1. In nm, give the distance between the simple-model label positions of D249 and Q188, each being 7 Å from the Cα along the Cα-to-Cβ direction.
2. With the contact rule set at Cα under 8 Å and sequence spacing of 6 or more, what percent relative contact order holds for the chain?
3. Rounded to the nearest 10 Å², what accessible area does D107 have for a 1.4 Å probe in the complete protein model?
4. Could you tell me how many degrees, from 0 to 90 and to the nearest 10, lie between the Cα long axis of helix 138-154 and the main elongation axis, the longest principal axis, of the Cα atoms of the chain?
5. What is the log10 of I(q)/I(0) for the chain, computed with the Debye formula using one identical point scatterer on each Cα and no solvent, at q = 0.05 Å⁻¹?
6. Please find the FRET efficiency linking R414 to R303, where r is the Cβ-Cβ separation and R0 is fixed at 35 Å, and quote it to the nearest 0.05.
7. Can you show me the helix-derived [θ] at 222 nm for the chain, built from DSSP H runs with n ≥ 4 at -39,500 (n - 2.57) apiece and divided by the number of residues, rounded to the nearest 500.
8. How much of the accessible area of the chain, in percent, comes from carbon and sulfur atoms when a 1.4 Å probe is used?
Amino acid sequence: MKRKHTLFLAVLLAIGSLCSLWLQEARAEERTYYDISASDVRKIMLAVPSFTGNGGQGNAVARLLSKGLDLHNFIGLVDSSRFGGRRDADWKSLGADYVVLGQVNTDPSGLVIEGQILDVASNQLMAGRRLRGSAAQLEDMTLRLCDSLIQDFTGELGVARTRIAFVSDGTGRKEVYVSDILGLHPRQITRHRTLCVSPRFTPDGHFLAYSSYHRGNQDLYITDLRQNQATRAISRRKGLNLAPAFSPDGRTMVVTLSKEGNPDLYTMDRQGNILGQLTSGAGINVSPSYSPDGRYIAFVSDRSGKPNVYVMPAGGGSAKRLTFKASENSEPAWSPKGNEIAFTGLQGGQYQLFIMDTNGGNVRQISNGGGNFESPTWSPDGRLLAVTRKSGSRSELCVVSRNGKDVRVLFPMRGNQSYPQWSGRLP
C-alpha cells in the first residue's frame, strides 16, 4: 500500500453551536496518511462496534457512523453481525485494520459523543474527538465525527456532511430535489409539475438555480434553500436559459442563452443582468464549468462538427480544444483540486466517464460498460464523482471513485434520478 508521510497537528476544531473539543490535547506528531488515489491501494477494513452509554443511542450512532464511513470508497466495513456489536472481539481474526471505539453520554449541556480509533496491529489508540450538542443535533454530531475520522486517515475532512441536488420523476414529473448525501432526508424543491433540469448550487450552498419549462420556455430560476416558499426568475429570455456555472465567489454565473438564435455563453450577475458575451455563433456552446481559481471555463461546443470539450479564459478570448479521443465529448466538470476535468465521452455506443488533466493530456476512462454515464459532479475532496447511470429505462445516481474501482448506487428512491450536483461541505 502506498503511503505518504506528513506532519500531523491535531488542532481544536470549531463546530459552531456544537462547541466541539478534541478528546486529546493538541500535539504535533508524525502521522502516516493513506494515499487513497493510488491504483493499487486496498480498502482499509474498519469495524464500528456499538457506542457505549445512553441506551439505544449508542447503537444508532454506530449505524449512522458506519453509513457515513462507507460512503468513502477507500473504507471497507467489517459486517457488525460478525461481532454482534461487541467492543472486545478478536479484531485481527475478523480482518479489521482499525476499530472505532466510542461512547454517547449526557451532561448539563445535552449530549456528548466521543470517538477514538484503535490501530489493531499496534493495539494503540489514535486520535480522539469529543463533540457536544443537543439531542436534536445527534445526527449532525455523528456525521462530524465521521468526517473527522476520515481526516485522521487521509489528512482531509470527509464528505458525509454534504448535500446533493438532483432531478427525480418520482411524482410523475421531473422535479428538483435536494438531499443529504446519505439520502436520509430528501426534500422536494420544485413543484412546477413540468420538466425541470440542471440544478446548480451557489458556492455557499444557500441557493439553488435550475431551468424549468413550466411557462413553456426553458427559463432559469433560483431559490433560497433556507426557505421553502418562493423561487425567483433569473432569466426568461426567449429560447434557452440553461445550466448556470457560478463563479467561485458566487457573484456571477456563466449561462447558455439563445436569445439571438445561436446557443452562446454569457456572463450574468445574480439578478440576471448580462455582463458580457463569451462566445459568438461558433456552434452550440453549453455546459460551462469554472476552474476553482475562477480564471478559466471549460465548456462544450460542436464548432468542430461534433461536441467536444474546450477551455477559455473566464473573461472571454480564444478557446482551446481539449478532447480528441471519443467521437463525442461533453459535460466537463472541473475538479475542486483544479488539476483535472471529468467529462463524458461516447465510446462503443455508450457514454462513459473520463478524467483528463486540464491541458487535455493523460486521458483515462474510469467507467466500463454497465450503461450510459452522464452528468459527472465532484465531491468537495476531489476523491469521488456522482453521476447519472442510465441502463434501459432506469436512471439512477451512482458514486464512482476517481480511479474507477468502485461504482455504487448512491441511494434508492422511487422513480428515476438524474442531473446530480454535489454541494460543498456544510458549515
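1. The modelled label-to-label distance comes out at 3.9 nm.
2. Numbers: 1095 pairs, mean separation 42.4, N = 427.
Taking the mean separation of contacting Cα pairs over the length of the chain, I get 10 percent.
3. Here the accessible area works out near 50 Å².
4. Roughly 90 degrees between the two axes.
5. -0.19
6. Given R0 = 35 Å and the Cβ-Cβ separation, E is 0.30.
7. Counting only the DSSP helices, I get -2500 deg cm²/dmol.
8. Details: 8580 of 18250 Å².
Roughly 47 percent of what the probe reaches on the chain is carbon or sulfur.
The values are calculated or read from the model by the stated rules, or taken from the named source; none is laboratory data. Model, not experiment: these values are computed from the prediction. Virtual Cβ from ideal backbone geometry, glycine too; neighbours counted across all protein chains shown. Ligands, DNA and RNA are excluded from the accessible area calculation, which covers all protein heavy atoms including side chains. Shrake-Rupley method; radii C 1.70, N 1.55, O 1.52, S 1.80 Å.
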